[in-house]
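Notes follow once the structure below has been shown.
Derivation of every value follows stated rules applied to the coordinates shown; laboratory data play no part. These figures come from a predicted structure and were not determined experimentally. Neighbour counts are summed over all protein chains in view; Cβ atoms, including those assigned to glycine, are modelled from backbone coordinates with ideal geometry.
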Amino acid sequence: MNNSFPLSGFKVLDLSAYIAGPYGCNLLADMGAEIIKVEPPEGDNLRKYPSTLLGESRAFLGVNRGKRGVCLDLKSTFGYEVFIRLVKQADVVVHNFRPSVPARLRIDYDTLRAHNPKLIYCSLTGYGQSGPLANRAGYDQVLQARTGICSSQGTTDDPKIVYGSVVDYYGAAMLANGVTAALLQRERTGEGQHVSVSLLGSALAMQAARLVVAENEPRSINRDMRSGGITGIHPTRAGHLYISANTPHFWRSLCTLVGQPALADDERYDSVKKRAAHVDELLPILREALLNRTAEEWEALFGEQVPCSVVRNVEDVFEDAQVLEQGFIGEHQHPALGPYKTIANPISFGAAQSRRELRSAPGLGEHTTAVLRELGYSDSQIESPNGNQSD
């Protein structure tokens, strides 16, 4: 164990499925926590999602690294008994069941707290613990539609989904933050607690700059901070380039480097708000200039003077010099797939950044036998047909 990581020594039981809960626990693993992913015999449903990888889901691998995996049937006597033994040794339990489910499975907070009073119990739900929608299943894009993200991304008449599970990943970050804060409070008070995170709260929190309403404002107003098209993606002679030039310094640099220095001195365009108002005049001038070079040539020319990037494909990340320099990609070993590359160590902790062994996402039930032995079960108990375990 590398004790230099902030959460080294803490044990987390991850009962969650899909993306938000598992990736939240993934982030806890990056901070040093020991994560045991507890799956039903049929496995996390994310394992069955479409993937070009043989025998495993790319999404599952991406959000479940750094964990050991066990299979338990919580509805069986033996499976439940094993789970309670795990709870007694755990610091944190995470799940993403709807609020009505945990009590039926006898894994609700009050039940588990009786076995471990210091337990941090984190429930991730779609809509929160109470209210008329509490027991509905909540998913990323459902919450995008409900909270205005889709209509803001497109228009009311032509709404657009933001792909990439952004609500899930923001919810994962909130989960990791909430659990870490609860562990800090427990260190101070000695008391466990129930931490509640929802995708609804995540979808709202990530729109904080938009969700402000003043008294007597009209209902329909422009809530965006978009800068009128100057900041955005533009075609070039070859490829597309994203440019952000909102500050006076970057605006002047952009004008100078594209060969239009007079625009920087024109008082009609000397603020983001004014440039947005005159976008119909400015955008054709900018885009005509950008056609003189390729996106890569502009990126090199702008350098540190104008924030920008060539619009690249996700596959390019694996060869990105900055990504590699930061150690954000690591090679993992999977029991079925063999070696594969994925994100690693997205948070740096100084001295702790000396590389620890990278653990891949677990195969289904990969560590069941090992974990049961650690709990004191004999091989005959593990192999009992009543256990319904997979190795």
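Structure above, values below:
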read-out: For the chain, the longest site-free run once GluC sites (Glu not before Pro) in DSSP loop states with at most 14 other Cβ atoms within 10 Å are removed; value: 43-190
read-out: Full-stretch length increase - Ala208, Val323 - with 0.36 nm per residue and alpha-carbon distance subtracted; value: 38.5 nm
read-out: Nearest-20 debye value, the stretch 98-211 charge dipole, Cβ charges on Lys, Arg, Asp, Glu; value: 280 debye
read-out: Trypsin sites (Lys or Arg not before Pro) restricted to DSSP loop in the stretch 118-195 with at most 15 other C-beta within 10 Å; value: Lys118, Arg136, Lys160
read-out: Members of Lys11/Lys341; Lys48/Lys341; Lys75/Lys160; Lys37/Lys160; Lys11/Lys48; Lys160/Lys273 lying beyond 30 Å, as alpha-carbon distances in this model show; value: Lys75/Lys160; Lys37/Lys160
read-out: Computed over the stretch 232-316: relative contact order in percent, which uses C-alpha pairs under 8 Å that are six or more apart; value: 45 percent
read-out: Positive-end residue, the chain charge dipole about Cα centroid, Cβ charges, pick of Ala264, Pro117, Ile382; value: Pro117
read-out: Listed values [x] -0.43, -0.67, -1.05, -1.26; [y] -0.28, -0.48, -0.91, -1.34; [z] -0.34, -0.56, -0.96, -1.25, entry calculated as log10 I(q)/I(0) by the Debye sum over Cα atoms at q = 0.07, 0.09, 0.12, 0.14 Å⁻¹; value: [x]
read-out: Under 11 Å, Cβ to Cβ, from Cys25 - net charge with Lys/Arg +1 and Asp/Glu -1; value: 0
read-out: Per-pair calculated FRET efficiency, R0 = 35 Å: Arg237 and Lys75 via Cβ, rounded to 0.05; value: 0.05
read-out: Added length on full extension, which subtracts the Cα-Cα distance from 0.36 nm per residue, Lys341 to Asp270; value: 21.0 nm
read-out: The chain: antiparallel DSSP beta bridges as a percent of all, rounded to 5; value: 35 percent
read-out: Nitroxide proxy distance, nm - points 7 Å out along Cα→Cβ at Leu358 and Leu291; value: 4.4 nm
read-out: Computed magnitude of the charge dipole of the chain (debye, nearest 20; Cβ of K, R +1, Cβ of D, E -1); value: 900 debye
read-out: Cα-projected label distance for Lys88 with Lys160, points at 7 Å along beta-carbon direction, nm; value: 5.6 nm
read-out: Residue-averaged 222 nm ellipticity for the chain, from DSSP H runs of 4+ at -39500 (n - 2.57), nearest 500; value: -10000 deg cm²/dmol
read-out: Relative contact order computed over the chain (Cα-Cα under 8 Å; 6+ residues apart), in percent; value: 18 percent
read-out: The stretch 232-316 - charge dipole about Cα centre, Lys and Arg +1 at Cβ, Asp and Glu -1, debye rounded to 20; value: 160 debye
read-out: Per-pair calculated FRET efficiency, R0 = 25 Å: Thr247 and Ile221 via Cβ, rounded to 0.05; value: 0.45
read-out: Distance between modelled label sites at Leu133 and Leu184, nm, 7 Å Cα→Cβ extension; value: 3.0 nm
